[in-house]
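See structure below.
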């Protein structure tokens, strides 16, 4: 009887892949929960490179309908200025930041179920994602 021993696989010397640096120095993460009813949290990341000049970064977060019409500006969470709209808001620190949207339009009315666009603009550059209101 011939016994074949399985060769042990060599131990990997590679580390886990690192997360790629966000293009443009910022990233719009998926909101959570998504779909949501009636509120959601929006995460975004600002990298060190945005702050290399020592100047604050100007951030705007907009909720748009599918016709690209403005619905609302989410409110910053844990910002030194307090719970203010993320509308040309200055950030002075890199890292992960959050905003909150309660599912209402600028008049305070609950929005209809459907797909909405979420746009993050940092120093004039924008990234867009989708989110779903489900009632």
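Below are the figures for this structure:
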{"read-out": "In the stretch 106-115, the residues that are more than 22 Å from residue 33 (Cβ to Cβ) and either surrounded by 11 or more Cβ atoms within 10 Å (Cβ to Cβ) or under 19 Å from the mean Cα position of the chain (by Cα) (or both)", "value": "106"}
{"read-out": "One residue from 50, 67 being at pLDDT 95 or above and assigned to a helix (DSSP H, G or I)", "value": "50"}
{"read-out": "Scan of the stretch 35-47 for residues that are closer than 20 Å to residue 109 by Cα and either assigned to a loop (DSSP other than H, G, I, E, B) or without any contact (Cβ under 8 Å) to a residue 12 or more places away in the chain (or both), ordered by number", "value": "35, 37, 38, 39"}
{"read-out": "Top-ranked residue of the stretch 55-105 - restricted to ones that are more than 26 Å from residue 135 (Cα to Cα) and over 18 Å from the mean Cα position of the chain (by Cα), ranked as surrounded by the fewest Cβ atoms within 10 Å (Cβ to Cβ)", "value": "82"}
{"read-out": "Residue 37 being modelled with pLDDT under 95, in contact with a strand residue (DSSP E or B) (Cβ under 7 Å, 6 or more places away or on another chain), on the phi < 0 side of the Ramachandran plot and crowded, with 17+ Cβ neighbours inside 10 Å", "value": "no"}
{"read-out": "Hey, residue 50 surrounded by 15 or more Cβ atoms within 10 Å (Cβ to Cβ) and either more than 18 Å from the chain's Cα centre (by Cα) or under 14 Å from residue 90 (Cα atoms) (or both) or not", "value": "yes"}
{"read-out": "Yes/no for residue 26 being at pLDDT 95 or above, more than 14 Å from residue 129 (Cα to Cα), surrounded by 14 or more Cβ atoms within 10 Å (Cβ to Cβ) and under 17 Å from the mean Cα position of the chain (by Cα)", "value": "no"}
{"read-out": "Some residue of the stretch 114-121 being part of a loop (DSSP other than H, G, I, E, B), out of contact with any helix residue (DSSP H, G or I) (no Cβ under 6 Å at 6 or more places or on another chain) and farther than 14 Å from residue 44 by Cα", "value": "no"}
{"read-out": "Total residues in the stretch 70-104, condition on the phi > 0 side of the Ramachandran plot and part of a loop (DSSP other than H, G, I, E, B)", "value": "4"}
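The values are calculated or read from the model by the stated rules, or taken from the named source; none is laboratory data. Bear in mind that the values here come from a model prediction, so they are computed numbers and not experimental data. Counting neighbours? That spans all protein chains shown, and the Cβs are built from the backbone with ideal geometry, glycine included.
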